[in-house]
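What follows is a short report on a single structure.
The values are calculated or read from the model by the stated rules, or taken from the named source; none is laboratory data. Worth saying up front: this structure is predicted, and the values here are computed from it rather than measured. Every residue, glycine as well, gets a Cβ built from its backbone with ideal geometry; the counts of neighbours run over all protein chains shown. Note: accessible area is taken over every heavy atom of the protein model, side chains too, but ligands, DNA and RNA are not part of it. Shrake-Rupley method; radii C 1.70, N 1.55, O 1.52, S 1.80 Å.
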Amino acid sequence: MIGTLYVVATPIGNLKDMSFRAVEVLKSVDFIACEDTRHSKILLDHYAVQKPLLSFFDASEKRKTPMIISRLQNGENAALISDAGTPGIADPGYRLINEAIQRGIHIEFIPGPSALIAALVLSGLPTDRFVFEGFFPIKSGQKKTKLESLKDEERTVIFYESPHRILKTLLVMQEVLGDVPVVIAREITKKFEEVVRARVSEVIAHFSGKRVLGEFVVLFNLKSLKTEDRKQKTVQ
Ligand code: SAM
């Protein structure tokens, strides 16, 4: 009997967003592959999951995939989790999943949070068609090229961005796209959750002159007819 690979989504901030089934599956497997074992241990301890952890991050995904596949082929059941949210979404996972599919290994997905879906829903922008672009490119030139390529995009566009680069990215957006309406969803499900819906220049002013912290999702819809210029702050 070959084993099953369970792909398990975990919270993006609020530990309570873990599903019953996720906990049940994590308690049932032989081992758990996770990005940062120390980080995941906080969540696993919270739910009294005591299973061997195997470190599985971007740079080690290619090297460790054959070993995980071989353990699955030998009948062990494995779970794949990432530091936060859904594995494979701007996180390691798809190579292992693809390899498992090629080898006829059964895969089950335990759905749960993902920052892009949470931000899309919170944004108030059209949700019927959207495009997820992953992380913004780091260099200014590459940011410009990417944004130029999206000038005629009709779908809602979603990017991930880091706190160190958010201001720079907003400045490039203003330069390439003009003073368009944008939505910034920060620290979703966490204590300092904040959704800012405003023009790029206003968002730049909002985040300027203070220490910018947290995790960010940037969204815009250049074809949206009605965009409300509103800022909303939710402190839980
Ligand atoms: N796998 C995750 C998912 O399903 O959303 C994404 C992992 S990616 C390495 C981390 C990025 O996701 C962060 O830099 C940020 O852009 C976004 N992110 C994760 N958690 C978030 C949160 N609570 N609020 C806003 N953005 C978040």
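Within segment 7-21, residues that are open to solvent by less than 20 Å² (accessible area, probe 1.4 Å) and more than 10 Å from the ligand (Cβ to nearest atom) sit with their Cβ atoms under 6 Å from residues that are of a type in the set (Phe, Trp, Tyr) and at pLDDT 95 or above, at 6+ positions apart or across chains, in these pairs: 7/109. Checked against (1) in contact with a Gly (Cβ under 9 Å, 6 or more places away or on another chain); (2) β-branched (Val, Ile, Thr); (3) without any contact (Cβ under 8 Å) to a residue 60 or more places away in the chain, residue 195 meets all criteria but (3). A search for C-beta distances below 7 Å between a residue of segment 56-67 that is outside the structural domain of residue 80 (by TED's automatic domain parsing) and any residue that is in a helix (DSSP H, G or I), counting only pairs 6+ apart in sequence or on different chains, returns nothing. The residue that is nearest to the ligand (Cβ to nearest atom), counting only those in segment 190-204 that are assigned to a loop (DSSP other than H, G, I, E, B) and open to solvent by 30 Å² or more (accessible area, probe 1.4 Å), is 190.
Can you tell me which residues in segment 212-229 are part of a loop (DSSP other than H, G, I, E, B), in contact with a helix residue (DSSP H, G or I) (Cβ under 8 Å, 6 or more places away or on another chain) and either at pLDDT below 90 or closer than 17 Å to residue 85 by Cα (or both)?
Narrowing segment 212-229 to residues part of a loop (DSSP other than H, G, I, E, B): 212-215, 221-229.
This time we only want the ones that are in contact with a helix residue (DSSP H, G or I) (Cβ under 8 Å, 6 or more places away or on another chain), so: 212, 215, 222, 229.
Listed by number, the residues that qualify are 215, 229.
Those residues that are assigned to a loop (DSSP other than H, G, I, E, B), open to solvent by 30 Å² or more (accessible area, probe 1.4 Å) and not charged (D, E, K, R), I need them from segment 150-183; list them, please.
Listed by number, the residues that qualify are 163, 164.
For segment 22-35, what are the residues that are surrounded by 20 or more Cβ atoms within 10 Å (Cβ to Cβ) and over 23 Å from the mean Cα position of the chain (by Cα)? Residue satisfying the conditions is 29 alone. The test for being assigned to a loop (DSSP other than H, G, I, E, B) and touching a residue at least 12 places away in the same chain (Cβ under 8 Å) does not hold for residue 144. Would segment 150-157 turn up any residue that is in contact with a Phe, Trp or Tyr (Cβ under 6 Å, 6 or more places away or on another chain) and within 11 Å of the ligand (Cβ to nearest atom)? No: zero hits. When we screen 119, 90 for residues that are assigned by TED's automatic domain parsing to the domain that holds residue 194 and within 12 Å of the ligand (Cβ to nearest atom), the only hit is 119. Residues in segment 100-116 that are surrounded by fewer than 18 Cβ atoms within 10 Å (Cβ to Cβ) and hydrophobic (A, V, I, L, M, F, W, C): how many? Result for segment 100-116: 3. For segment 60-87, the set of residues classified as more than 9 Å from the ligand (Cβ to nearest atom), of a type in the set (A, V, I, L, M) and open to solvent by less than 70 Å² (accessible area, probe 1.4 Å) consists of 68, 69, 72, 78, 79, 80, 81, listed by residue number.
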